[in-house]
Each structure stands twice: as structure tokens, then as C-alpha cells.
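Written out below as C-alpha cells is the structure these notes cover.
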Amino acid sequence: MSLRLMASAWLLAAFALSQPATAQTPTLRGPWLGAGLGTASASVNCELCVGDRNGGLSGYLTGGIALSPNVRAGAEVMGWFDSTDEVRQRLLLYGASLYWTPAPASRWYLKTGLGLLNYRADDTADADDDPLGASAAALQLGGGYEFGASSRLWVTPFANLVVSTSGNLTSGNTIVTDASFSLMQLGVGVRWR
């Protein structure tokens, strides 16, 4: 093999490797949609509540638009569901989120958001009991890492933490006590742009 051919091959390989692959570099232009599933551990903090965390199925649906190459904004619905000891529980978060990527070509991101957290608990053994319910303002913090599956689809392992302010825990029209909530979520999502 001639020296000129080897030099050309090395130069071509170096050029190809120095350019980010389209399917591997997340871009933050235009609208996007996302969804994810995973597991979560939730806790209800109140005077009457047992301090245990319960694990359950969790997921989210989100969508939004890029504000800049490093920032995108979106609306999100996140849910957690658990059924333990004849008590069916649900936490739903309706919120707005901001996603920050340190550089346009970076694969990892940080996320923060605010929203309304809604809690509901039903006693499945006693249909006559009024369910417990509460609503409170919540803060969400999280992060993830995006793997390109194609030029428009990204697979994202993620972690989120949601904490709420204190809200009235009610049964029917009766205020039972104040309660706050926390949720730690791990899962895998997809984002389409």
C-alpha cells in the first residue's frame, strides 16, 4: 500500500470520526414529544401516615419546544400508581418543566419543573369509605442521558425527584390533616423531535 493511499485513508478516517454522527448528537430545535416508564418510590408525610415508602409503577407524557440550543421547555403529566395492603394510591403531577443541556452536542441534561401534585388513596376492601385526597404545589428536579436511536428518536434513562409543599389531606369534605409528598423516579423514556 502506498504512503499516499495510507495517508489519505488516515485523513478520511480522522475526518469521519471528528464529525458527530447525526443519530448520536441530540439537537434541540423545534417541537418535541416524550414518554417514559419506570419505577418510583413515594412517601406520604403526615401525622397519621406510616413513614414507609411504597414502590410502584410510574410514567410520564411530555411535549414542548426548544427555547434555545441549550434550553427546551415543556408541559408534563407524571403518574405513580401503587396497590399495597388493600390500599390503592395514585400521585399525579401536572406541570411545566425546563430542560438544560450544557452544550448543543451534549447527551446529558438537567431538568427542573413546577406543578400541581394530586394524591388519591382508596380502600379497596371498603367501598363505603370516602377516598383520601390532597393537592399541593410541587418542585421537580431530575436528569438523564440521551442515546440516539435514529435521527429523530432518542432513548433516555432518567431519574427524577419530586417534593411537594404541605396540603390538606381530605376525606370527602372533611380535612383529616396536612400532608406533603415525595417521589423518587427511575426509568427509561423516549423523545421524538
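Some observations on this one:
- Ascending count of other beta-carbon atoms within 10 Å, so fewest first, for 112, 84: 84, 112
- For the range 3-192: rounded, prolate or oblate by the Cα gyration tensor [a/c cutoff 1.5]: prolate
- Amide N of the range 63-80 lying under 19 Å from the label point, which is placed 7 angstrom from the Cα of residue 98 along Cα→Cβ: 63-77
- Approximating the spin labels as points 7 Å out from Cα along Cα→Cβ, the residue 159-to-residue 53 distance works out to 1.1 nm.
- Estimated distance in nm for a label pair at residue 43 and residue 29, the labels positioned 7 Å out from Cα along Cα-to-Cβ: 4.5 nm
- Annotation: extensible slack from residue 128 through residue 88 equals 12.9 nm (criterion: 0.36 nm per residue apart, minus Cα-Cα distance).
Readers should treat all values here as calculations from the given coordinates under stated rules, not as data from a laboratory. In this text the structure is predicted, and so the values were computed from the model without any measurement. So basically every Cβ, Gly included, is an ideal-geometry build from the backbone, and we count neighbours across all protein chains shown.
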